[in-house]
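The values are calculated or read from the model by the stated rules, or taken from the named source; none is laboratory data. Keep in mind that this is a model prediction, so the values were computed, not measured. Neighbour counts run over all protein chains shown; Cβ positions are idealised from the backbone, glycine included. Accessible surface is based on the protein model in full, side chains and every heavy atom, while ligands, DNA and RNA are left aside. Shrake-Rupley method; radii C 1.70, N 1.55, O 1.52, S 1.80 Å.
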Amino acid sequence: MKINKNYLNLEDSYLFSTISKKVHAFKENNPNSKVISLGIGDVTLPLCKSVINELHSAVEDMGKAETFKGYGPEQGYEFLRSSIKSYYESHNVKLDLNEIFISDGAKSDVGNILDIMENNNTVLIPDPVYPVYVDTNIMSGRKILYMDANKENNFLPLPDCNIKADIIYICSPNNPTGAVYNHEQLKKWVDYALNNNSIILFDSAYEAFIGDKSLPRSIFEIEGAKKCAIEFCSLSKTAGFTGTRCGYTIVPMELVFDNVKINNLWLRRQTTKFNGVSYIIQRAANAVFSKNGQQEIQESIGYYKENAKLLSATLNKLGFWFVGGTNSPYIWFKCPQNMTSWEFFDYMLNKINVVGTPGAGFGKNGEGFFRITAFGSRENILEAVKRLQTL
Ligand code: PLP
(Lines give C-alpha, C1' and ligand atoms only; values in the text may rest on other atoms or scores of the structure.)
Protein backbone atom coordinates (compact mmCIF):
# COMPACT_ATOMS: atom_id res chain seq x y z
CA MET A 1 0.00 0.00 0.00
CA LYS A 2 1.25 3.45 -0.88
CA ILE A 3 -0.18 6.50 0.88
CA ASN A 4 -1.53 9.61 -0.82
CA LYS A 5 1.72 11.57 -0.63
CA ASN A 6 -0.10 14.85 -1.23
CA TYR A 7 -0.99 14.73 2.47
CA LEU A 8 2.69 15.17 3.26
CA ASN A 9 2.54 18.55 1.53
CA LEU A 10 0.00 19.88 4.03
CA GLU A 11 1.40 22.44 6.40
CA ASP A 12 0.70 21.83 10.07
CA SER A 13 -1.63 24.47 11.34
CA TYR A 14 -0.15 25.91 14.51
CA LEU A 15 -2.44 28.94 14.62
CA PHE A 16 -4.96 27.93 17.27
CA SER A 17 -2.56 25.69 19.21
CA THR A 18 0.00 28.51 19.44
CA ILE A 19 -2.70 30.92 20.61
CA SER A 20 -3.84 28.52 23.28
CA LYS A 21 -0.26 27.81 24.45
CA LYS A 22 0.48 31.54 24.73
CA VAL A 23 -2.75 32.22 26.63
CA HIS A 24 -2.12 29.26 28.93
CA ALA A 25 1.43 30.45 29.72
CA PHE A 26 0.18 34.00 30.33
CA LYS A 27 -2.53 32.80 32.73
CA GLU A 28 -0.01 30.70 34.65
CA ASN A 29 2.24 33.71 35.12
CA ASN A 30 -0.67 36.06 35.85
CA PRO A 31 -3.20 34.01 37.82
CA ASN A 32 -5.29 37.06 38.80
CA SER A 33 -5.80 38.40 35.30
CA LYS A 34 -9.04 37.91 33.40
CA VAL A 35 -8.24 37.13 29.76
CA ILE A 36 -11.03 37.97 27.29
CA SER A 37 -11.14 36.20 23.96
CA LEU A 38 -12.20 38.08 20.85
CA GLY A 39 -10.97 35.13 18.85
CA ILE A 40 -14.01 32.86 19.32
CA GLY A 41 -14.91 31.31 15.96
CA ASP A 42 -17.83 29.30 17.30
CA VAL A 43 -21.30 30.47 18.23
CA THR A 44 -22.01 30.88 21.96
CA LEU A 45 -25.81 31.38 22.07
CA PRO A 46 -27.96 28.21 22.36
CA LEU A 47 -30.36 26.80 19.76
CA CYS A 48 -33.59 28.79 19.51
CA LYS A 49 -36.89 27.65 21.04
CA SER A 50 -38.54 26.60 17.78
CA VAL A 51 -35.59 24.34 16.97
CA ILE A 52 -35.61 22.74 20.43
CA ASN A 53 -39.37 22.09 20.24
CA GLU A 54 -38.99 20.49 16.83
CA LEU A 55 -36.10 18.33 18.05
CA HIS A 56 -38.29 16.99 20.88
CA SER A 57 -41.16 16.28 18.55
CA ALA A 58 -38.90 14.52 16.01
CA VAL A 59 -37.42 12.34 18.76
CA GLU A 60 -40.97 11.30 19.72
CA ASP A 61 -41.64 10.38 16.07
CA MET A 62 -38.72 7.97 16.14
CA GLY A 63 -40.27 6.09 19.08
CA LYS A 64 -43.57 5.26 17.38
CA ALA A 65 -44.01 2.70 14.60
CA GLU A 66 -46.37 5.00 12.62
CA THR A 67 -43.93 7.89 12.50
CA PHE A 68 -40.58 6.10 12.76
CA LYS A 69 -38.09 6.98 9.98
CA GLY A 70 -35.36 4.74 8.59
CA TYR A 71 -33.18 5.61 5.59
CA GLY A 72 -34.26 9.02 4.32
CA PRO A 73 -34.50 10.46 0.80
CA GLU A 74 -31.02 10.78 -0.65
CA GLN A 75 -30.94 14.55 -1.22
CA GLY A 76 -32.72 15.27 2.05
CA TYR A 77 -36.37 15.37 3.14
CA GLU A 78 -38.66 17.28 0.85
CA PHE A 79 -40.11 19.30 3.74
CA LEU A 80 -36.65 20.82 4.37
CA ARG A 81 -35.77 21.30 0.71
CA SER A 82 -39.14 23.05 0.17
CA SER A 83 -38.42 25.39 3.07
CA ILE A 84 -35.00 26.21 1.64
CA LYS A 85 -36.57 26.78 -1.78
CA SER A 86 -39.01 29.30 -0.22
CA TYR A 87 -36.15 30.94 1.69
CA TYR A 88 -34.29 31.54 -1.58
CA GLU A 89 -37.50 32.82 -3.19
CA SER A 90 -37.65 35.43 -0.42
CA HIS A 91 -34.45 36.90 -1.87
CA ASN A 92 -35.63 36.46 -5.45
CA VAL A 93 -33.78 33.27 -6.36
CA LYS A 94 -35.87 30.54 -7.95
CA LEU A 95 -34.64 27.01 -7.34
CA ASP A 96 -35.81 23.57 -8.34
CA LEU A 97 -36.14 21.12 -5.41
CA ASN A 98 -33.65 18.81 -7.15
CA GLU A 99 -31.02 21.54 -7.07
CA ILE A 100 -30.95 21.48 -3.24
CA PHE A 101 -28.80 18.90 -1.42
CA ILE A 102 -29.01 18.69 2.37
CA SER A 103 -25.59 18.27 3.97
CA ASP A 104 -24.04 17.91 7.41
CA GLY A 105 -22.40 21.31 6.94
CA ALA A 106 -20.53 23.47 4.49
CA LYS A 107 -17.06 22.17 5.34
CA SER A 108 -17.81 18.61 4.23
CA ASP A 109 -19.37 19.62 0.92
CA VAL A 110 -16.74 22.26 0.12
CA GLY A 111 -14.13 19.52 0.45
CA ASN A 112 -16.08 16.64 -1.08
CA ILE A 113 -17.17 18.52 -4.20
CA LEU A 114 -13.61 18.17 -5.47
CA ASP A 115 -14.30 14.42 -5.98
CA ILE A 116 -16.19 15.23 -9.17
CA MET A 117 -13.49 17.47 -10.67
CA GLU A 118 -10.27 16.37 -12.32
CA ASN A 119 -7.10 16.76 -10.26
CA ASN A 120 -5.28 18.66 -12.98
CA ASN A 121 -7.67 21.61 -12.79
CA THR A 122 -6.02 24.85 -11.70
CA VAL A 123 -7.53 26.41 -8.60
CA LEU A 124 -7.77 30.09 -7.68
CA ILE A 125 -8.02 30.87 -3.97
CA PRO A 126 -8.04 34.26 -2.24
CA ASP A 127 -5.33 35.01 0.33
CA PRO A 128 -6.11 35.40 3.25
CA VAL A 129 -8.57 32.54 3.33
CA TYR A 130 -10.58 29.93 5.24
CA PRO A 131 -7.87 27.22 5.29
CA VAL A 132 -10.15 24.33 4.19
CA TYR A 133 -10.11 25.52 0.54
CA VAL A 134 -6.32 25.29 0.44
CA ASP A 135 -5.88 22.04 2.34
CA THR A 136 -8.51 20.06 0.40
CA ASN A 137 -6.79 21.00 -2.85
CA ILE A 138 -3.35 20.13 -1.51
CA MET A 139 -4.76 16.71 -0.54
CA SER A 140 -5.71 16.06 -4.15
CA GLY A 141 -2.49 17.56 -5.54
CA ARG A 142 -4.05 20.40 -7.50
CA LYS A 143 -2.13 23.43 -8.66
CA ILE A 144 -3.16 26.41 -6.54
CA LEU A 145 -2.94 30.04 -7.63
CA TYR A 146 -3.57 32.73 -5.06
CA MET A 147 -5.34 36.03 -5.60
CA ASP A 148 -4.25 38.86 -3.37
CA ALA A 149 -6.83 40.30 -1.04
CA ASN A 150 -5.34 43.40 0.57
CA LYS A 151 -5.95 46.89 1.87
CA GLU A 152 -5.83 48.28 -1.69
CA ASN A 153 -8.79 46.18 -2.85
CA ASN A 154 -10.58 46.29 0.54
CA PHE A 155 -9.94 42.54 0.79
CA LEU A 156 -12.29 41.92 -2.15
CA PRO A 157 -10.09 40.77 -5.05
CA LEU A 158 -11.56 40.96 -8.55
CA PRO A 159 -10.75 38.77 -11.57
CA ASP A 160 -7.59 39.31 -13.57
CA CYS A 161 -8.18 38.24 -17.17
CA ASN A 162 -4.48 37.27 -17.52
CA ILE A 163 -4.90 34.54 -14.92
CA LYS A 164 -6.57 31.32 -16.06
CA ALA A 165 -8.19 29.18 -13.41
CA ASP A 166 -10.70 26.32 -13.61
CA ILE A 167 -12.00 26.33 -10.05
CA ILE A 168 -12.50 29.60 -8.16
CA TYR A 169 -13.31 29.95 -4.47
CA ILE A 170 -15.32 32.93 -3.28
CA CYS A 171 -16.48 33.41 0.30
CA SER A 172 -18.83 36.33 0.98
CA PRO A 173 -19.31 37.50 3.72
CA ASN A 174 -15.73 36.45 4.12
CA ASN A 175 -13.98 34.52 6.82
CA PRO A 176 -11.51 35.82 8.03
CA THR A 177 -12.01 39.40 6.78
CA GLY A 178 -15.75 40.03 7.07
CA ALA A 179 -15.67 41.78 3.66
CA VAL A 180 -18.78 41.36 1.45
CA TYR A 181 -18.96 41.50 -2.35
CA ASN A 182 -21.65 43.66 -3.96
CA HIS A 183 -23.68 42.70 -7.09
CA GLU A 184 -21.39 44.49 -9.50
CA GLN A 185 -18.27 42.80 -8.14
CA LEU A 186 -19.82 39.34 -8.13
CA LYS A 187 -21.03 39.93 -11.70
CA LYS A 188 -17.37 40.39 -12.68
CA TRP A 189 -16.57 36.98 -11.23
CA VAL A 190 -19.55 35.37 -12.95
CA ASP A 191 -18.54 36.91 -16.29
CA TYR A 192 -14.96 35.74 -15.80
CA ALA A 193 -16.14 32.18 -15.02
CA LEU A 194 -18.47 32.10 -18.04
CA ASN A 195 -15.72 33.40 -20.35
CA ASN A 196 -13.13 30.94 -19.07
CA ASN A 197 -15.29 27.84 -18.65
CA SER A 198 -14.49 27.93 -14.91
CA ILE A 199 -16.63 26.97 -11.96
CA ILE A 200 -17.16 29.21 -8.91
CA LEU A 201 -17.44 27.50 -5.54
CA PHE A 202 -19.36 30.11 -3.57
CA ASP A 203 -19.34 29.81 0.22
CA SER A 204 -22.26 31.70 1.72
CA ALA A 205 -21.94 30.34 5.27
CA TYR A 206 -22.40 33.85 6.70
CA GLU A 207 -25.17 35.10 4.37
CA ALA A 208 -27.65 35.51 7.24
CA PHE A 209 -25.46 38.29 8.69
CA ILE A 210 -26.12 40.49 5.65
CA GLY A 211 -28.53 43.18 6.74
CA ASP A 212 -27.86 45.59 3.87
CA LYS A 213 -30.58 44.79 1.33
CA SER A 214 -28.45 46.02 -1.55
CA LEU A 215 -25.87 43.25 -1.01
CA PRO A 216 -26.31 39.76 -2.54
CA ARG A 217 -26.88 36.89 -0.11
CA SER A 218 -26.59 34.27 -2.83
CA ILE A 219 -24.45 34.14 -5.96
CA PHE A 220 -27.59 33.07 -7.80
CA GLU A 221 -28.87 36.62 -7.45
CA ILE A 222 -26.34 37.37 -10.20
CA GLU A 223 -27.40 36.82 -13.79
CA GLY A 224 -25.59 33.88 -15.38
CA ALA A 225 -24.44 32.35 -12.07
CA LYS A 226 -26.54 29.22 -12.52
CA LYS A 227 -24.33 28.32 -15.46
CA CYS A 228 -21.06 28.61 -13.53
CA ALA A 229 -21.52 28.32 -9.75
CA ILE A 230 -22.24 25.98 -6.87
CA GLU A 231 -23.30 27.50 -3.54
CA PHE A 232 -22.50 26.07 -0.11
CA CYS A 233 -24.46 27.22 2.89
CA SER A 234 -24.63 26.24 6.51
CA LEU A 235 -26.86 26.62 9.54
CA SER A 236 -23.78 26.65 11.78
CA LYS A 237 -23.46 30.39 12.25
CA THR A 238 -26.96 31.24 11.06
CA ALA A 239 -28.78 29.20 13.68
CA GLY A 240 -26.16 27.91 16.11
CA PHE A 241 -25.88 24.49 14.44
CA THR A 242 -22.09 24.09 14.86
CA GLY A 243 -22.67 21.10 17.13
CA THR A 244 -26.01 20.03 15.64
CA ARG A 245 -24.73 19.86 12.04
CA CYS A 246 -26.79 20.77 9.01
CA GLY A 247 -26.18 22.72 5.83
CA TYR A 248 -27.15 22.68 2.17
CA THR A 249 -25.53 22.88 -1.21
CA ILE A 250 -27.15 24.25 -4.35
CA VAL A 251 -26.10 22.64 -7.62
CA PRO A 252 -28.08 24.21 -10.50
CA MET A 253 -29.47 22.05 -13.28
CA GLU A 254 -28.02 24.50 -15.80
CA LEU A 255 -24.47 23.74 -14.68
CA VAL A 256 -22.90 21.70 -17.46
CA PHE A 257 -19.19 20.93 -18.00
CA ASP A 258 -17.79 18.42 -20.51
CA ASN A 259 -21.41 17.94 -21.67
CA VAL A 260 -22.31 16.48 -18.26
CA LYS A 261 -24.80 17.89 -15.78
CA ILE A 262 -22.85 18.61 -12.60
CA ASN A 263 -26.04 18.02 -10.60
CA ASN A 264 -26.12 14.38 -11.80
CA LEU A 265 -22.48 13.84 -10.87
CA TRP A 266 -22.92 15.31 -7.41
CA LEU A 267 -26.07 13.24 -6.83
CA ARG A 268 -24.16 10.11 -7.83
CA ARG A 269 -21.27 11.04 -5.54
CA GLN A 270 -23.50 11.80 -2.57
CA THR A 271 -25.73 8.75 -2.93
CA THR A 272 -22.61 6.57 -2.99
CA LYS A 273 -20.48 8.15 -0.30
CA PHE A 274 -22.75 10.25 1.96
CA ASN A 275 -25.27 8.86 4.42
CA GLY A 276 -27.37 11.98 4.64
CA VAL A 277 -28.45 13.97 7.67
CA SER A 278 -30.65 12.33 10.32
CA TYR A 279 -34.42 12.90 10.27
CA ILE A 280 -34.28 14.52 13.70
CA ILE A 281 -31.71 17.09 12.62
CA GLN A 282 -33.51 17.83 9.36
CA ARG A 283 -36.68 18.53 11.35
CA ALA A 284 -34.65 20.87 13.57
CA ALA A 285 -33.21 22.58 10.50
CA ASN A 286 -36.70 22.94 9.08
CA ALA A 287 -37.77 24.86 12.19
CA VAL A 288 -35.07 27.45 11.39
CA PHE A 289 -37.04 28.38 8.25
CA SER A 290 -40.41 28.69 10.02
CA LYS A 291 -41.78 32.17 10.74
CA ASN A 292 -40.99 31.91 14.45
CA GLY A 293 -37.65 30.24 13.77
CA GLN A 294 -36.59 33.08 11.48
CA GLN A 295 -37.54 35.66 14.11
CA GLU A 296 -35.69 33.78 16.82
CA ILE A 297 -32.47 33.28 14.85
CA GLN A 298 -32.56 36.95 13.88
CA GLU A 299 -32.51 37.80 17.59
CA SER A 300 -29.30 35.81 18.07
CA ILE A 301 -27.75 37.19 14.88
CA GLY A 302 -28.80 40.68 16.04
CA TYR A 303 -26.99 40.08 19.34
CA TYR A 304 -23.76 39.14 17.57
CA LYS A 305 -24.14 42.06 15.16
CA GLU A 306 -24.58 44.48 18.05
CA ASN A 307 -21.33 43.09 19.48
CA ALA A 308 -19.69 43.69 16.11
CA LYS A 309 -21.06 47.23 16.06
CA LEU A 310 -19.58 47.99 19.49
CA LEU A 311 -16.20 46.65 18.40
CA SER A 312 -16.23 48.49 15.04
CA ALA A 313 -17.28 51.76 16.68
CA THR A 314 -14.32 51.45 19.04
CA LEU A 315 -11.88 50.69 16.23
CA ASN A 316 -13.26 53.68 14.31
CA LYS A 317 -12.82 55.94 17.29
CA LEU A 318 -9.26 54.74 17.83
CA GLY A 319 -8.41 55.29 14.16
CA PHE A 320 -7.83 51.70 13.10
CA TRP A 321 -8.21 50.72 9.44
CA PHE A 322 -10.60 47.78 9.20
CA VAL A 323 -13.12 45.88 7.07
CA GLY A 324 -16.09 43.76 8.12
CA GLY A 325 -18.20 44.05 11.24
CA THR A 326 -21.35 45.34 9.56
CA ASN A 327 -22.76 42.45 7.54
CA SER A 328 -20.53 39.86 9.17
CA PRO A 329 -19.49 38.57 12.60
CA TYR A 330 -15.82 39.15 11.71
CA ILE A 331 -13.73 42.31 11.89
CA TRP A 332 -10.33 42.47 10.23
CA PHE A 333 -8.09 45.35 11.18
CA LYS A 334 -4.60 46.63 10.47
CA CYS A 335 -2.21 46.22 13.38
CA PRO A 336 -0.96 49.61 14.58
CA GLN A 337 2.57 50.93 14.06
CA ASN A 338 3.44 48.27 11.50
CA MET A 339 3.49 45.52 14.09
CA THR A 340 3.37 41.96 12.76
CA SER A 341 0.19 40.15 13.63
CA TRP A 342 1.92 37.99 16.27
CA GLU A 343 3.66 41.03 17.80
CA PHE A 344 0.25 42.67 18.13
CA PHE A 345 -1.19 39.46 19.59
CA ASP A 346 1.48 39.45 22.34
CA TYR A 347 1.04 43.19 22.89
CA MET A 348 -2.74 42.89 23.41
CA LEU A 349 -2.40 39.81 25.59
CA ASN A 350 0.23 41.37 27.83
CA LYS A 351 -1.09 44.94 28.03
CA ILE A 352 -4.85 44.44 28.21
CA ASN A 353 -5.32 40.67 28.46
CA VAL A 354 -7.41 40.52 25.27
CA VAL A 355 -6.92 37.77 22.69
CA GLY A 356 -7.69 37.74 18.97
CA THR A 357 -6.47 35.82 15.94
CA PRO A 358 -3.27 36.90 14.14
CA GLY A 359 -4.00 37.44 10.45
CA ALA A 360 -0.77 35.69 9.43
CA GLY A 361 -2.52 32.40 10.26
CA PHE A 362 -4.83 32.85 7.24
CA GLY A 363 -2.21 33.40 4.54
CA LYS A 364 0.70 35.68 3.64
CA ASN A 365 -1.56 38.70 3.05
CA GLY A 366 -2.88 38.32 6.59
CA GLU A 367 0.47 39.47 7.98
CA GLY A 368 0.07 42.80 9.75
CA PHE A 369 -3.68 42.23 10.23
CA PHE A 370 -5.79 40.89 13.05
CA ARG A 371 -9.18 39.11 13.18
CA ILE A 372 -11.65 39.63 15.99
CA THR A 373 -15.10 38.07 16.17
CA ALA A 374 -18.45 39.09 17.59
CA PHE A 375 -19.36 35.68 19.02
CA GLY A 376 -18.46 36.48 22.63
CA SER A 377 -20.82 37.56 25.43
CA ARG A 378 -21.92 41.21 25.59
CA GLU A 379 -20.32 41.56 28.99
CA ASN A 380 -16.95 40.46 27.59
CA ILE A 381 -17.27 42.62 24.50
CA LEU A 382 -18.00 45.70 26.62
CA GLU A 383 -15.05 44.94 28.86
CA ALA A 384 -12.78 44.37 25.83
CA VAL A 385 -13.93 47.69 24.34
CA LYS A 386 -13.06 49.47 27.59
CA ARG A 387 -9.63 47.88 27.69
CA LEU A 388 -8.93 48.69 24.02
CA GLN A 389 -9.63 52.35 24.75
CA THR A 390 -7.05 52.37 27.54
CA LEU A 391 -4.38 50.87 25.29
N1 PLP B 1 -17.17 28.10 5.44
C2 PLP B 1 -16.62 29.09 6.14
C3 PLP B 1 -16.16 30.29 5.42
C4 PLP B 1 -16.46 28.99 7.53
O5 PLP B 1 -15.88 29.98 8.20
C6 PLP B 1 -16.91 27.83 8.18
C7 PLP B 1 -16.76 27.65 9.63
O8 PLP B 1 -16.12 28.36 10.34
C9 PLP B 1 -17.48 26.82 7.41
C10 PLP B 1 -17.60 26.98 6.05
C11 PLP B 1 -17.88 25.53 8.05
O12 PLP B 1 -19.24 25.45 8.18
P13 PLP B 1 -19.90 24.13 8.75
O14 PLP B 1 -19.89 24.22 10.23
O15 PLP B 1 -21.26 24.15 8.15
O16 PLP B 1 -19.11 22.96 8.24
The answer for the chain, accessible area per residue at 1.4 Å probe in Å², is 46
Once phi for every residue in the stretch 212-218 is put through the Karplus expression 6.51 cos²θ - 1.76 cosθ + 1.60 (θ = phi - 60°), the whole-Hz ³J(HN,Hα) values, with Gly and Pro written as x, are 6, 5, 7, 9, x, 9, 9
Note: residue 34 to residue 278 extended length (0.36 nm per residue) minus current alpha-carbon separation gives 83.8 nm
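Rank-order 124-131, 19-26 by packing density, defined as the average count of other C-beta atoms within 10 Å over each peptide's residues, highest first.
By packing density, highest mean first, the sequence is 124-131, 19-26.
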Using alpha carbon centers only, the stretch 1-49 is separated from the stretch 227-267 by a whole-angstrom value of 28
Residue separation between residue 25 and residue 42 times 0.36 nm, minus their alpha-carbon distance, gives in nm 3.8 nm
Looking only at lysines whose Cα falls under 23 Å of residue 22's and that sit 8 or more positions away or on another chain, we get 34, 334, 351, 364, 386
Expected unfolding gain across residue 182-residue 340 under the 0.36 nm per residue rule, minus the alpha-carbon gap, is 53.9 nm
Of every Cα-Cα pair in the stretch 313-352, the percentage lying beyond 13 Å is 60
In deg cm²/dmol, rounded to the nearest 500, the helical mean residue ellipticity at 222 nm of the chain, built from -39500 (n - 2.57) for every DSSP H run of length 4 or more, is -12000 deg cm²/dmol
Within the set 337, 270, 294, GNM on the chain using Cα springs under 10 Å gives the largest fluctuation to 337
Any residue on another chain or 5+ positions along whose placed amide H is under 5 Å from the amide H of residue 203 is listed here as 170, 171, 172, 232
Rounded to one decimal in nm, the spacing of the 7 Å Cα→Cβ label points at residue 69 and residue 14 is 4.6
Taking N as the number of residues in the stretch 49-290, the ratio of its alpha carbon radius of gyration to 2.2 N^0.38 Å works out to 1.02
The stretch 55-71 scanned against label point 7 Å out from residue 271 along Cα→C-beta; backbone N under 20 Å for 70-71
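Leaving out ligands, DNA and RNA, and with a 1.4 Å probe, what % of the accessible surface on the stretch 24-155 is carbon or sulfur?
C and S fraction of accessible area: 49 percent.
Order the following by accessible area, largest value first: 326, 122. Probe radius 1.4 Å; ligands, DNA and RNA are ignored.
Heavy-atom accessible area, descending, gives 326, 122.
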